[in-house]
Amino acid sequence: MAEMMDIDGNGHSYSSKGKTVLIAGNPPSAAKAIPWVEKYRPQSLNDVAAHRDIVDTIDRLTTENRLPHLLLYGPPGTGKTSTILAVARKLYGAQYHNMILELNASDDRGIDVVRQQIQDFASTQSLSFGFVKLSVKLVLLDEADAMTKDAQFALRRVIEKYTKSTRFALICNHVNKIIPALQSRCTRFRFAPLDAVHVTERLKHVIKAEGLDVDDSGLTALVQLSNGDMRKALNILQSTHMASQQITEEAVYLCTGNPLPKDIEQISFWLLNEKFADSFKRINEIKTRKGLALVDIVREVTMFVFKIKMPPAIRMQLINDLADIEYRLSFGCNDRLQLGSAIASFTRARSALVAAAQ
Ligand SMILES: Nc1ncnc2c1ncn2[C@@H]1O[C@H](COP(=O)(O)OP(=O)(O)OP(=O)(O)O)[C@@H](O)[C@H]1O
Ligand SMILES: [Mg+2]
């Protein structure tokens, strides 16, 4: 046969048409290859950082066998999917995959699926194994805000009809994309962005487990850049670790391509003090040397303008100008012209400051 070949010379044939051509176990580096976001996904409800009140409530309801339909919403990387998976693990043990129907945006979830697949799953009697305390099943609809309106309407009746044997858990980022009728059938929990304390705590746990060399400034930078998104924090941590042995503030900012706070301070100083041509030359030079994007510079400089002291009217005008520049940059307008515009705005603000002082 043409597609059979003798790979190892010992007469063992492998079909090249077969799906897997794995030869002897997992390579030792397999564990290393798992992204840390998955490796450190909370396994139990206790591991979920922050949102203590929500998690405790869900935990209690699960223990008492009184789980309502759930609607978890909030920005990315705050632990919504992890929480529900931990609930499933608590209810059904390690075999939870068999007891839940998990559908996310990558599956087809049009009206046909709601009618067929969800209804089939919900209407069949669940088997009660010894370790399963509860025989209600769980339908997990991740990224539910991407479901069509028709499918959501079809779900209304399905939820009601099978409440006895099934609980639905809807997860989404934008709660206003879920039709009100579905919202009213569920108990809503909002997962806010994680605060700095909890991100730090969780990062420290991972740093310890991986034996990383992270200094205080590096940790602060990670927390700052993550903006309450734990997934982002772990991803930045892992990519910085791959790029450099020591995880310092500089390494973190370099790895993500964000301008360092001290660069922003320097640029703001030029903008506030130098002549137009000098500012332009210097900012252009640092931009090229450090590979910074103008849009990042404008965004960070705006944050800087929030912090420094100046009359409110001048600050408002300046922030407005910078916001316009950011808007134009998002349409791919010319970088050099927009940099000129930013410097011009600062020059105008400076003249206004001088006039105000007189
Ligand atoms: N509260 C948390 N405690 C601990 N780890 C967390 C928490 N939130 C997020 N993480 C980490 O981030 C990863 C992603 O979390 P998860 O999938 O739960 O986010 P999500 O809220 O479902 O986000 P999305 O809206 O993008 O689906 C997890 O694998 C985990 O490593
Ligand atoms: Mg999710």
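Readers should treat all values here as calculations from the given coordinates under stated rules, not as data from a laboratory. Computed from a predicted structure; not experimentally measured. Note that we place each Cβ from the backbone using ideal geometry, even for glycine, and neighbour counts take in every protein chain shown.
Less than 5 angstrom separates the built amide H of THR187 from those of HIS69, LEU70, LEU71, all sequence-distant by 5 or more or on a different chain.
With 10 angstrom as the radius, rank VAL48, VAL223 by how many other C-beta atoms surround their C-beta, starting from the fewest. Before the final figure, lay out the partial values.
Numbers: VAL48 25, VAL223 19.
Going from sparsest to densest Cβ surroundings: VAL223, VAL48.
Please compute the length gained on full extension between ASN173 and GLU265, using 0.36 nm multiplied by the number of residues separating them and subtracting their Cα-Cα distance. Stretched fully, the ASN173-GLU265 segment lengthens by 29.7 nm.
Using the Karplus relation 6.51 cos²θ - 1.76 cosθ + 1.60 with θ = phi - 60°, the per-residue 3J(HN,Hα) values for the stretch 286-299 come to 5, 4, 6, 5, 9, x, 8, 9, 4, 5, 5, 4, 4, 4 Hz, with x marking Gly and Pro. Note that the stretch 197-256, at 37 °C in a medium of 0.692 mPa s, gets a Stokes-Einstein diffusion coefficient of 301 µm²/s from its Kirkwood radius over C-alpha pairs.
Per-residue packing, averaged as other Cβ atoms within 10 Å, sorts the ranges 329-336, 185-192 into the order 185-192, 329-336, beginning with the highest.
What FRET efficiency, computed as 1/(1 + (r/R0)^6) with R0 = 51 Å and r the Cβ-Cβ distance, is obtained for LYS161 and GLN224, rounded to the nearest 0.05?
On the way: r = 48 Å, r/R0 = 0.95.
Efficiency computed from Cβ-Cβ geometry: 0.60.
How big is D for the chain, in µm² s⁻¹ as a whole number, if Stokes-Einstein is applied with the Kirkwood radius of its Cα pairs at 20 °C and 1.002 mPa s? Roughly 86 µm²/s, to the nearest whole number.
Largest mean-square fluctuation among TYR92, TYR253, TYR327, in a Gaussian network model of the chain whose springs join Cα atoms under 10 Å apart, belongs to TYR327. Using the alpha carbons alone, the radius of gyration of the stretch 38-190 stands to its Kirkwood radius in an Rg to Rh ratio of 0.93.
Between ARG336 and ALA323, what is 0.36 nm times their sequence separation minus the Cα-Cα distance? Round to one decimal in nm. Could the numbers behind the result be given before it?
Working: separation 13, 0.36 × 13 = 4.68 nm, distance 1.66 nm.
That works out to 3.0 nm of additional length.
Taking 0.36 nm per residue of separation and subtracting the Cα-Cα distance, what length does fully extending ALA293 through ASP56 add? Walk me through the intermediate numbers first.
Numbers: separation 237, 0.36 × 237 = 85.32 nm, distance 4.32 nm.
Answer, rounded to one decimal: 81.0 nm.
A viscosity of 1.567 mPa s and a temperature of 4 °C, combined with the Kirkwood radius over C-alpha pairs in the Stokes-Einstein formula, give the stretch 249-332 a diffusion coefficient of 96 µm²/s.
Packing order of peptides 284-296, 107-119, highest average first: 107-119, 284-296 (average count of other Cβ atoms within 10 Å over each peptide's residues).
Taking ALA221, ALA50, ALA342 as the candidate residues, the one with maximal mean-square fluctuation in a Gaussian network model of the chain, Cα springs under 10 Å, is ALA342.
Of PRO311, PRO193, PRO75, the residue with the greatest mean-square motion in the GNM of the chain, using alpha carbon springs below 10 Å, is PRO311. Calculated mean residue ellipticity at 222 nm for the chain: -16500 deg cm²/dmol, from DSSP H runs with n ≥ 4 weighted as -39500 (n - 2.57), summed, divided by the residue count and rounded to 500.
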